[in-house]
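Colleague: Structure incoming, see below.
Derivation of every value follows stated rules applied to the coordinates shown; laboratory data play no part. As the structure is a prediction and not an experimental result, all values here were calculated from the model. Cβ coordinates were reconstructed from backbone atoms using ideal geometry, including for glycine residues, and neighbour counts include every protein chain displayed.
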Amino acid sequence: MASPSNKYITDGNAEHLKREHSLIKPYQGVGTSPSSQWDFWGSTLVTSQYVRLTPDERSKQGSIWNTVPCYLKDWEMHVQFKIHGSGKKNLHGDGFAIWYTKDRLHTGPVFGNQDHFVGLAIFVDTFRNDLQGMDRSFPYISAMVNNGSLPYDHGKDGRSTELGGCSVEVRNKDHDTYLAIRYSKGRLTIMIDVDDRNDWKECIDFGGVRLPTGYYFGASAATGDLSDNHDIISMKMYQLMVEHTPEEDNQDWTKIEPSVSLLKSPKDNIDDPTGNFRSTPLTGWKVFLLLLCALLGIVVCAVVGAVVFQKRQERNKRFY
């Protein structure tokens, strides 16, 4: 592989492929029978070549979910997908999401899944809602970890709760597009290959992420007034062979609460227009308060300086 970032990507060793958590053509394990490993809902259409979460039609929602909880501590998910439709630039939407969550098959407003979810979400957002946030282009990939307490803010395109993200052109490609999600030893890494060159590029790399075992993988998509075909070609799960300390091995990983080790809570980041937890740019009112405090400081210093100068002048007069 050409990119140095490929050291983060598994070589796809078949011995480490976990078929019970993988969605592969011709999708024989998909259905509603008790033995099925994948279940689907809504507008989802399963063919022999792709799983279409939504057609290129307005107001559709669809999802597909693994029925087997994942107890791997370290893993990597490769997603082959295709977003395409008749809508021209900026006239398409809304996008899809890859989930690793406590609950599954719960419908809602977040790309076809429930809000206040518990777990991890990777969003491939193709429509800009926040017209003031012109510092990024769409489609945009972002990640969010939630313990159920945080809402996803569609109006701000999820900025207030995202761990990071990147802009990427993924619509109407003539070739395959891929997304890799790696979680190992508390580190979440998102890689993309959208040029079909087997050249993975880093989109998100964030440490201090805690995710439990026993959650479910899934994918969902939604359309609104604008639409697209959102197709999942495959979801391949690989187990990463990683050594853990005895303390880590003895821990009950199913009891871990999804969280991210940050200097501040995501709730405190709601007024941050960049949605970046690693830096906190000043919003308009914060700039005003800072300038006001600086001005008051200058006035106080000037007054104190004038008083001190006057007292010194009075002292000097006594010696004449």
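Colleague: What are the ³J(HN,Hα) couplings of the stretch 62-68, residue after residue, when phi is run through the Karplus curve with 6.51, -1.76, 1.60 and θ = phi - 60°? Round to Hz, x for glycine and proline.
Modeller: x, 7, 9, 9, 6, 8, 9
Colleague: Using the 10 angstrom Cβ neighbour count as an exposure proxy, how do Ile181, Ile256 rank, fewest first?
Modeller: Ranked by crowding around the Cβ, least crowded first: Ile256, Ile181.
Colleague: Put a dot 7 Å past each Cα toward the Cβ at Met241 and Cys166; how far apart are the dots in nm?
Modeller: 2.8
Colleague: Can you compute the modelled spin-label distance between Lys255 and Gln28, with each label point 7 Å from Cα toward Cβ, in nm?
Modeller: 4.1
Colleague: Name the long-range amide H neighbours of Thr177: under 5 Å, sequence gap of 5 or more, or other chain; modelled H, no Pro or chain starts.
Modeller: Distant-sequence amide H within range of Thr177: Phe81.
Colleague: Just grab the label-to-label distance for Asp195 and Gln49, each label 7 Å out from Cα along the Cβ direction, in nm (one decimal).
Modeller: Between Asp195 and Gln49, the label points sit 2.7 nm apart.
Colleague: Turning to a different aspect of this structure: Hey, can you grab everything whose amide H is under 5 Å from the amide H of Tyr71? Only 5+ residues off in sequence or another chain; H modelled, so Pro and N-termini drop out.
Modeller: For Tyr71, whose amide H was placed from the backbone, the distant partners under 5 Å are Gly214.
Colleague: If each residue of separation counts as 0.36 nm, what is the full-extension length gain between Ala302 and Leu91 once their alpha-carbon separation is subtracted?
Modeller: Roughly 70.2 nm would be gained on extension.
Colleague: Listing Cys166, Cys301 from the residue with the fewest other Cβ atoms within 10 Å to the one with the most, what is the order?
Modeller: Fewest to most other Cβ atoms nearby, the residues stand as Cys301, Cys166.
Colleague: Here is a follow-up. Tabulate in residue order the Karplus-calculated ³J(HN,Hα) for the stretch 145-151, using 6.51 cos²θ - 1.76 cosθ + 1.60 with θ = phi - 60°, rounded to whole Hz; enter x for Gly and Pro.
Modeller: 10, 9, 9, x, 8, 10, x
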